Amino acid sequence: MSDGTEPVGIDELLERVRADLDRVDPREAHEAAADGALLVDIRYAALRDRDGLIPGALVVERNELEWRLDPQGSHRAPEATDHGLRVIVVCNEGYASSLAAASLRRLGLRRATDLVGGFQAWRAAGLPVSR
């Protein structure tokens, strides 16, 4: 590569990204949401339709995430109030959410993180799910 960096595989990239995240388990995410953290569900529609939703979570398609969560962006969601907002990204199993949280951190959302195990872990923990 011309910039002097060597390519890495996805497993190594995930390991590097996760080293910088304060990832949370389902119970911690539930408590954080009760304390004002914003849960952001990035699962695609078919998974949401099949499995349900986390009540109160903001649904944002992954390809819109940065535009919707950037507090300075012209297309931001009303919930994207400032860079200090605690954001917990939720995907289906906790892989894509790590990469998404890292991207939000690069935008300055320094408290962005993700849910270990994703929606499936949330549901397995017996936490609220709506249809």
Cβ-based net charge around Leu39, under 11 Å, with every Lys or Arg adding one and every Asp or Glu removing one:
-2
Using a/c under 1.5 as the rounded threshold, could you call segment 1-54 rounded, prolate or oblate? The axes a ≥ b ≥ c are square roots of the C-alpha gyration tensor eigenvalues, and prolate needs a/b larger than b/c, oblate otherwise.
oblate
For segment 1-64 and segment 105-131, compute the distance between their C-alpha centroids and round to whole Å.
6 Å
Multiplying the sequence separation of Asp25 and Asp51 by 0.36 nm and subtracting their Cα-Cα distance, what value in nm do you get?
7.5 nm
The helix 10-19 Cα axis meets the longest alpha-carbon principal axis of the chain at an angle in degrees, between 0 and 90 and rounded to 10, of 70 degrees
On a 0 to 90° scale, report how tilted helix 96-106 is relative to the longest principal axis of the chain, with both axes built from alpha carbons and the result rounded to the nearest 10.
60 degrees
What percent antiparallel are the DSSP beta bridges of the chain, to the nearest 5?
10 percent
Measure off, as a whole percent, the carbon and sulfur share of the 1.4 Å-probe accessible area of the chain, all protein chains present.
49 percent
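The values are calculated or read from the model by the stated rules, or taken from the named source; none is laboratory data. Here the structure is a predicted model, which means the values were calculated and not measured. Every residue, glycine among them, receives a Cβ derived from its backbone with ideal geometry; neighbour counts consider all protein chains shown. Each accessible area value is taken on the protein alone, full model and side chains, heavy atoms only, with ligands, DNA and RNA left out. Shrake-Rupley method; radii C 1.70, N 1.55, O 1.52, S 1.80 Å.
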